[in-house]
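The values are calculated or read from the model by the stated rules, or taken from the named source; none is laboratory data. Note that the structure is a prediction, hence the values are computed from the model and not measured. Every residue, glycine as well, gets a Cβ built from its backbone with ideal geometry; the counts of neighbours run over all protein chains shown.
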Amino acid sequence: MTTKLPASLIEAEAIAFARAELEWARNTPIDMGGLDVRFFEADDARRFVRQIVKQYALNRPGNMMKIADFARAGWDIADEALRDLILDFVQRGEPLPTYLAAYNMEVVRGGFRRRSGPKKADRLFRDIALMMVVENVGRRFGLRPTRNRASKRPSACSIVAQAMGLSEEAIVAIWKRLGRYLMPSGNPL
């Protein structure tokens, strides 16, 4: 026979579990295609996304053109990736592909204005880690990812919000953006 613990004890255990999961995510580097990435390090996330953008740009000339368009529009990681590629080609003594050469000429002529403010890529891995913790908390404690605001029963997002020191609304917003990719059904049970 199983006994049902009061919600406050379950909540306390769930918060402690979430904190341990978050601590692991903060301190454990993950090998992402030869790059050691820490989920809560913005520089690691930017480096990884920049590497993916570079690989995508090199895949086909049309991709290079799209990335150049994104860079011209102000996406700083696209600009950084293209500048890295320019340096790579120059260091190897190879001619620049047409779209990369055109972008290089525009940069030399005066560059592009970058948008200021927080960058989504800087928070990408942090947000993925938060959603993995939401999933783990939901599975372990039988909690739904989100809750009806009138409900007193905690949700996995509310537990992670408490463990992280963020608002529940912030975690729910991340869940709405990324959670469906982790748990397409929206329900960990």
Q | Which listed residue is at pLDDT 85 or above and at positive phi, from GLY117, GLY138, GLY165, GLY111 | A | GLY165
Q. Hey, does segment 9-20 have a residue that's in contact with a Lys or Arg (Cβ under 7 Å, 6 or more places away or on another chain), over 19 Å from ALA101 (Cβ atoms), surrounded by 16 or more Cβ atoms within 10 Å (Cβ to Cβ) and not polar (S, T, N, Q)?
A. yes
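A quick yes/no check of all residues on (1) in contact with a helix residue (DSSP H, G or I) (Cβ under 6 Å, 6 or more places away or on another chain); (2) farther than 13 Å from ARG19 by Cβ:
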| residue | (1), (2) |
| --- | --- |
| ILE128 | no, yes |
| ASN136 | yes, no |
| ARG149 | no, yes |
| ALA161 | yes, no |
| GLY165 | no, no |
| ALA170 | no, yes |
| ALA173 | no, yes |
**Q.** Filter result for the condition that a residue is in a loop (DSSP other than H, G, I, E, B), at pLDDT below 90 and surrounded by 13 or more Cβ atoms within 10 Å (Cβ to Cβ), over PHE39, PHE48, PHE70
**A.** PHE39
Q.
Quick check on my filter: what residues within segment 12-31 are acidic (Asp, Glu) and modelled with pLDDT of 90 or more?
A. GLU13, GLU21, GLU23
